[in-house]
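In what follows, a single structure is set out as C-alpha cells and then discussed.
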Amino acid sequence: MKKVQKMRSRSAGRPDYPIRIGLFGQFFAEIDGVKVTVPGRKCQALLAYLAAKQGQYVSRDTLCGLIWGDRGDEQARASLRQALAVIRKSFGKVADDVLVSSNSSIGIRLDVVTVDTCIFTAAIAGGNVAAAIAVCVGGFLDGFGAVDPEFDRWMDVERAIFRASLVQCLQQELVRHETERNIAQVIAVAVRLLAIDDLQEDVCRALMRAQMQQRDFNGALRQYDLLRERLINDLGVRPEPETDALMHEVRTARQEKAVPNPSPLVDLAADRTKRPSVAVLPFRALGEGAEIIGEGVADDIIVELSRSSELSVISRQSSFRFVSDQSGVREIGQILGVRFCLSGAVQMSGVRLRLTARLDRCDDGETVWSERFDSKRDELFDLQTEIARVVTATVVGRIAASDTQFSNLQRPGNLAAYDHVLRGLQCFHRHVHEDMEAARNEFRAAIKLDPNYARAFGLLAMTDIYMQWLFGPDGDVSAAVAAAQTAVKLDVREIKGLCALGIINMLAYDFGRARHLFETALSFNNNDDLLLLEYGRFMMYDDRPEDGIASVNEAMRLNPFHPNWYWNIIGRCLHSLGRYEEAISILEKISSPNFWTLLYLAGCHAKIGNSSKAALLRGQVLSIRPDLNIESLLPYFPYKNQDTKTRLFESFRAAGFR
C-alpha cells in the first residue's frame with residue numbers, strides 16, 4: 001500500500017490572485033475570474049483528479065494507471081510528464097502555486113487553490129447543509145466524457161456518491177423549510193430534488209402541499225398527474241395511497257378555496273432511542289431445497305428493514321441464534337432487548353414457493369400481523385421486499401407510504417449467485433483466515449454468475465480488506481478498490497462498498513473523504529453493526545476515540561452476540577486515551593486473541609509497569625511472527641494525530657519489540 005501524504009504549504013500565505021478549479025457542472029479552472037484553457041481531455045482529467053484528492057500527493061504510478069492504462073509503463077510515464085508540462089504552460093507564471101511534484105508523486109496546493117468539491121465536503125462535515133447545496137451547481141464533471149476505463153469508473157463512482165450526498169442535503173433542507181413553513185424554499189428545494197429523480201413521491205407530496213399553501217391548486221394537480229404518468233409508464237405501479245389522498249384533498253380545497261396548514265415531512269421531535277425494535281429470525285425450511293432460502297429470506301428482510309431510520313433492527317448474527325419453534329418470543333425479546341419478533345417458514349414444491357410470516361409482540365407474545373404469500377421461486381426477491389414493506393408499515397405505521405427506499409434496491413438476477421452470497425456471509429462473519437478465504441471465493445463465484453450484483457461486490461471488497469489488513473503480509477488493500485467502486489457504481493446505497501471505500505481512504509490518510517463515505521453509508525443504514533464498528537475504528541484514527549467507543553457500543557447493542565473481536569476496537573480506543581488498565585480489562589475479554597490483540601496487550605502491560613506480563617505476551621507475539629520488525633507495521637496505523645501513533649509505538653518498544 002502506497003502512502004499518501006498531506007501537502008505542505010510552500011509559502012507563508014495565499015497569493016493576491018484567487019485560483020479556482022470547478023468539478024461540479026462543467027469542468028473549469030480560472031485565475032482571478034479569467035478562465036484557464038487546459039487543452040486535451042487527458043490533461044483536464046489529470047488536473048480534475050488531483051483537485052478531487054483534496055490536497056494530497058498522488059503517486060505517479062497511480063496516475064499513469066488511471067489515465068494511461070492502455071500504454072506501457074515508460075510510455076505512460078512519458079505521457080504523464082507531457083500532460084504536466086501542458087498544465088504548467090496553461091497556468092503560466094502561477095503554475096508553481098498550483099502544482100507540487102516530486103519524482104514519485106504530484107499534488108494540488110489547496111492552501112492556494114480553491115476546489116468546489118472540497119468546499120462541499122467540508123460544509124457537510126461542519127453541518128452546514130445550506131453551504132454544501134449552494135456550491136453544488138451541477139453533477140460531478142458533467143459532460144466530461146470518456147477518458148480511460150479506470151478513470152471513467154472512478155468518475156462514475158464519484159458522481160454517484162456526490163449525487164447521493166446532495167440528495168441527502170436537499171432532503172434535510174426540505175424537512176426544515178416545510179417544518180418552518182418557508183413555502184417558497186420548499187418549492188425551490190423540491191423542484192431541484194425532482195430534477196434529480198422525479199419518482200420521489202414524498203418530495204412530490206411536499207411540493208403539492210406547498211402549492212396548496214400558495215393556492216396553486218392546478219399546479220399541485222399537474223404535479224400529481226406527472227407523477228402518476230411516470231410511475232405507470234416507468235414502474236408499472238400507481239401512486240401510493242397517501243399521494244392519492246393528497247390529490248383528493250387538493251381537489252376539495254380547489255372547490256372550497258381553502259388553504260390547509262402544511263404538515264412537516266417528518267416528526268422532528270421523535271426520540272431515536274424510542275424507535276420500534278425488531279429481531280428477524282431465520283425462516284424455517286419446510287421441504288427439500290428450502291434450507292438456504294429460509295436463511296436468505298430472513299437475511300434480506302433484515303437488510304431491507306435496516307434501511308429504515310424508523311426501526312432498530314438486531315443484527316443477523318444475534319437473531320439467527322434463535323429458531324421460532326424452539327424459543328418463545330418473550331424469551332427472545334428479553335435476551336435481545338426487542339419489542340417485536342418476525343418469524344416464518346418457507347416451503348418449496350417444484351417451481352412454486354409458499355412463504356408464511358408473522359410479527360409477534362415480545363412483551364405479551366401476541367401476534368400483531370400474519371400473512372401467507374404464494375409465488376414462483378423466481379419471484380422470491382420481490383416477495384421479500386413486499387414482506388419488508390408490510391412489516392415496516394405494521395411496526396412504524398407510516399413508513400411504507402412515504403418511503404421510496406425499497407423500490408430501487410439492486411437485486412441479483414441469478415438465484416445461484418444469491419446462494420453463493422448467503423454461503424459467503426456464513427463464512428465472512430466467522431472472521432478467521434480460512435473462512436475469509438472461503439467467503440472471498442463464494443463472493444467471486446456470485447459475481448461470475450451475476451456481474452451486476454452490487455452486494456456481492458461490496459462484500460468482496462470488505463473481504464479483500466480484511467484478508468490483507470488483518471491477515472495479509474503487507475496490508476496492501478489496493479485490490480479492494482475496484483470491487484468497492486463497482487459496488488457503489490451499481491448501487492450507491494451499497495453500504496459495504498461505501499464502508500470499504502471509507503477504510504481505503506482512511507488508510508490513505510484522506511480523513512475528510514473517509515468521514516464523508518462512512519457517514520453517507522450510515523445515512524442509508526444506521527442499523528448495520530459492522531458498519532458502526534468500522535466507523536468506530538475510523539473515529540479512533542480520526543483522533544476521536546471517545547466517539548469511537550460510543551459507535552462500537554451501538555454496534556454491540558444491535559448485535560448482542562457480536563463476534564468476540566469487536567472488543568478489540570474499544571480496547572484500542574482506550575489505549576489511545578492512555579487508559580491502559582481499562583484497555584487491558586477489555587482486551588482480555590477476547591477469548592482467542594490474535595497477533596494484533598496480543599501486541600496491544602503487551603504494550604498496555606508495559607505502560608503500567610507490568611514487565612513480566614509484557615515479556616510473556618511478547619513471547620506469544622514472536623511465536624506467531626518470529627521476524628517481527630515493528631517499523632514494518634507503520635502502514636497499518638493511519639493515525640491522524642501523530643502523537644497518538646508515537647505513543648502506541650512507544651508502548652510496543654517498552655514491551656521489548658524492536
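The values are calculated or read from the model by the stated rules, or taken from the named source; none is laboratory data. Keep in mind the model is a prediction, meaning the values are calculated, not measured. Don't worry about glycine lacking a Cβ; one is built from the backbone with ideal geometry, like all the others, and counts go over all protein chains shown. Protein only, heavy atoms only, side chains kept; ligands, DNA and RNA dropped before computing areas. Shrake-Rupley method; radii C 1.70, N 1.55, O 1.52, S 1.80 Å.
Within the option set 301, 293, being crowded, with 22+ Cβ neighbours inside 10 Å, among the hydrophobic types (A, V, I, L, M, F, W, C) and at pLDDT below 75 holds for one residue only, 293. Looking at the structure I just gave you, is residue 85 of a type in the set (A, V, I, L, M), farther than 24 Å from residue 479 by Cα and more than 33 Å from the chain's Cα centre (by Cα)? In short, yes.
Looking at this structure, is residue 593 part of a loop (DSSP other than H, G, I, E, B), surrounded by 18 or more Cβ atoms within 10 Å (Cβ to Cβ), in contact with a Lys or Arg (Cβ under 9 Å, 6 or more places away or on another chain) and not aromatic (Phe, Trp, Tyr)? Taking the combined requirement at face value, the residue does not satisfy it. Pairs linking a residue in the range 269-289 that is aromatic (Phe, Trp, Tyr) to a residue that is modelled with pLDDT under 60, with Cβ atoms under 9 Å and 6 or more positions apart or on different chains, are 283/290; 283/324. Evaluate the following for residue 185: is it without any contact (Cβ under 8 Å) to a residue 60 or more places away in the chain, of a type in the set (S, T, N, Q) and crowded, with 21+ Cβ neighbours inside 10 Å? Against the criterion (without any contact (Cβ under 8 Å) to a residue 60 or more places away in the chain, of a type in the set (S, T, N, Q) and crowded, with 21+ Cβ neighbours inside 10 Å), residue 185 does not qualify.
Considered as a group, the residues in the range 622-658 that are of a type in the set (Ser, Thr, Tyr) and touching a residue at least 24 places away in the same chain (Cβ under 8 Å) include one that is nearest to residue 612 (Cα to Cα), and that residue is 651.
Within the range 575-599, the set of residues being on the phi < 0 side of the Ramachandran plot and either touching a His at 6+ places or on another chain (Cβ under 6 Å) or among the small types (Gly, Ala, Ser) (or both) comprises 576, 583, 585, 591, 592.
Can you tell me which residue in the range 137-175 is least open to solvent (accessible area, probe 1.4 Å), limited to those that are touching a Lys or Arg at 6+ places or on another chain (Cβ under 8 Å) and under 13 Å from residue 192 (Cα atoms)? Once the filter is applied, the top-ranked residue is 170.
Each row is one residue, and each column tells you yes or no for (1) under 21 Å from residue 249 (Cβ atoms); (2) outside any loop (DSSP other than H, G, I, E, B); (3) at pLDDT 85 or above.
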{"residue": "137", "(1), (2), (3)": "no, no, no"}
{"residue": "172", "(1), (2), (3)": "no, yes, yes"}
{"residue": "188", "(1), (2), (3)": "no, yes, no"}
{"residue": "207", "(1), (2), (3)": "yes, yes, yes"}
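Of the residues that sit in the range 194-225 and are hydrophobic (A, V, I, L, M, F, W, C) and crowded, with 22+ Cβ neighbours inside 10 Å, which one is nearest to residue 238 (Cα to Cα)? Applying the filter and picking the extreme gives 204.
Here residue 43 does not qualify as closer than 30 Å to residue 468 by Cβ, touching a helix residue (DSSP H, G or I) at 6+ places or on another chain (Cβ under 6 Å) and modelled with pLDDT of 90 or more. Only a single item in (1) modelled with pLDDT under 95; (2) more than 22 Å from residue 510 (Cα to Cα) is not met by residue 603, and it is number (1). Do the conditions hold for residue 425, that is, is it in contact (Cβ under 8 Å) with a residue 24 or more places away in the chain, over 12 Å from the mean Cα position of the chain (by Cα), open to solvent by less than 10 Å² (accessible area, probe 1.4 Å) and farther than 30 Å from residue 640 by Cβ? Yes: the conditions hold for residue 425. For residue 606, state whether it is part of a helix (DSSP H, G or I), in contact with a Lys or Arg (Cβ under 8 Å, 6 or more places away or on another chain), in contact (Cβ under 8 Å) with a residue 40 or more places away in the chain and among the aliphatic types (A, V, I, L, M). No; evaluated as a whole, the condition is false for this residue.
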